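Here the structure is laid out as structure tokens; the discussion comes afterwards.
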Amino acid sequence: MTTDTSTLTQLGQSAGIAASPEEAVLERVPNPHADTNYLARFTAPEFTSLCPVTGQPDFAHLVIDYVPGDWLVESKSLKLYLTAFRNHGAFHEDCTVGIGRRLAALLDPRWLRIGGYWYPRGGIPIDVFWQTGAPIEGVWLPDQGVPTYRGRG
């Protein structure tokens, strides 16, 4: 199956970083295996946003798992979308859940989950998890592979 990419605005072209996540363009492509339940995973181990109070950078390891329906997220647009958070002030919960909801709205996946494993702020790591509903029966859901934060202990 050939995928028509003529409507994509970023793939194969020079594309700048949006000023905010709201302005970032997330794009999708048809799923060539829409008749099959399978898991696709994106891992962003160097996600960055800003604390909305102090303006200091916050760092997270994001893991996005989804069972596609008719659509796949175009990976370059996802990378640029996530990069748009670099100058965006939001709490960890807002970033993590907002990313999950935006992807779910764009893709209408059979199932989606996001794990936001945030590095400590004020000495406390904050991990945030969100999913669209119960996992799909029969789909292998591997562990997200991110260990619980440990300091020097």
Filtering region 1-36 for residues that are modelled with pLDDT of 70 or more, closer than 30 Å to G138 by Cα, of a type outside the set (V, I, T) and surrounded by fewer than 16 Cβ atoms within 10 Å (Cβ to Cβ) leaves a count of 5
Those residues of region 100-125 which are in a loop (DSSP other than H, G, I, E, B) and modelled with pLDDT under 95 amount to Y119, P120, G122, G123, P125
Would you mind finding the one in V139, V97, V128 that is aliphatic (A, V, I, L, M), farther than 21 Å from A19 by Cα and not in a loop (DSSP other than H, G, I, E, B)? V128
Check on T48, assigned to a strand (DSSP E or B) and surrounded by fewer than 17 Cβ atoms within 10 Å (Cβ to Cβ): yes
The conditions are (1) in contact (Cβ under 8 Å) with a residue 60 or more places away in the chain; (2) surrounded by 19 or more Cβ atoms within 10 Å (Cβ to Cβ); (3) under 16 Å from F47 (Cα atoms), and T96 fails exactly one of them. Which is it? (1)
When E46 is evaluated against the numbered criteria (1) free of Cβ contacts under 8 Å to residues at least 24 places away in the same chain; (2) closer than 20 Å to G145 by Cβ; (3) out of contact with any strand residue (DSSP E or B) (no Cβ under 8 Å at 6 or more places or on another chain), which criterion, by number, is the only one it fails? (3)
Among the residues of region 40-53, write down those that are closer than 18 Å to I99 by Cα and either of a type outside the set (F, W, Y) or at pLDDT below 80 (or both). A40, R41, T43, A44, P45, E46, T48, S49, L50, C51, P52
Taking the condition more than 13 Å from P21 (Cα to Cα) and modelled with pLDDT of 95 or more, does F85 pass? no
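The values are calculated or read from the model by the stated rules, or taken from the named source; none is laboratory data. Predicted, not measured: the structure shown is a model, and the values here were computed from it. No Cβ is skipped: glycine too gets one built from the backbone with ideal geometry, and neighbour counts run over all protein chains shown.
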